[in-house]
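The next block holds one structure in the form of structure tokens; read it before the comments.
The values are calculated or read from the model by the stated rules, or taken from the named source; none is laboratory data. Please read these numbers as outputs of a predicted model, since none were measured by experiment. Backbone-built Cβ (ideal geometry, glycine too); neighbour counts: all protein chains shown. Just so you know, the surface numbers come from the protein's heavy atoms only, side chains and all, with ligands and any DNA or RNA stripped out. Shrake-Rupley method; radii C 1.70, N 1.55, O 1.52, S 1.80 Å.
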Amino acid sequence: MRRKYYKIRSESEDNNQTDGSVLTKVKPKTKKPSLYKVLMLNDDYTPMEFVIEVLEKFFGKRQDEATQIMLHVHQKGIGVCGIYTYEIAETKAVQVTNYARKYEHPLQLQLEKE
Ligand code: TYC
């Protein structure tokens with residue numbers, strides 16, 4: 001949850017409250033960046049062990065988490081590896097794709113805006 005901040009203005013700046021002061025909503029100057037899901041797609045050829053390794057290496061998952069995500073993707077066809085800002089999500093997808101191709105696996109990833 002984002003907090004709203006209020007600036008207390010003097011009577012000379014505006015007039016509203018009985019004591020002469022005024023509460024003015026202050027707009028946050030920064031915007032939260034949009035987030036993107038990195039999705040992993042199932043295929044018939046990439047070894048399960050390789051997918052688990054990728055989830056550990058590139059997405060910082062522990063072995064038990066990585067195994068769960070891999071099995072979810074294997075059974076449902078698609079699953080979330082992580083959620084990041086665009087640049088990071090894109091970089092991870094490219095790095096994993098390159099790593100998979102190096103070992104000649106057809107593993108595919110997609111980005112989806114949250
Ligand atoms: N379906 C693959 C197999 O049976 C395993 C796999 C899981 C592949 C997840 C890709 O994103 C994937 N070897």
Using the heavy atoms of the protein chains and a 1.4 angstrom probe, tell me the accessible area per residue for the chain in square angstrom. 75 Å²
With Cα coordinates, the longest principal axis of the chain makes an angle with the long axis of helix 63-76, in degrees rounded to 10, of 80 degrees
So which chymotrypsin sites (Phe, Trp or Tyr not before Pro) in segment 41-114 pass both tests, a DSSP loop state and at most 16 other Cβ atoms within 10 Å of the Cβ? 45, 103
Using θ = phi - 60° and the Karplus relation 6.51 cos²θ - 1.76 cosθ + 1.60, list the HN-Hα couplings for segment 81-92 in order, rounded to whole Hz, with x at every Gly or Pro. 8, x, 10, 9, 5, 3, 4, 6, 4, 4, 4, 5
Could you work out what % of the accessible surface of the chain is carbon and sulfur, using a 1.4 angstrom probe and leaving DNA, RNA and ligands out of the count? 49 percent
Note on segment 49-111: alpha-carbon gyration tensor, axes a ≥ b ≥ c; rule is a/c under 1.5 for rounded, else prolate if a/b larger than b/c, else oblate; result rounded
Straight-line reach from residue 31: which lysines have a Cα under 27 Å away, not including same-chain ones fewer than 8 places off? 4, 7, 92, 113
Note: the chain at 37 °C, 0.692 mPa s; Kirkwood Rh on alpha carbon pairs; Stokes-Einstein D in µm²/s works out to 192 µm²/s
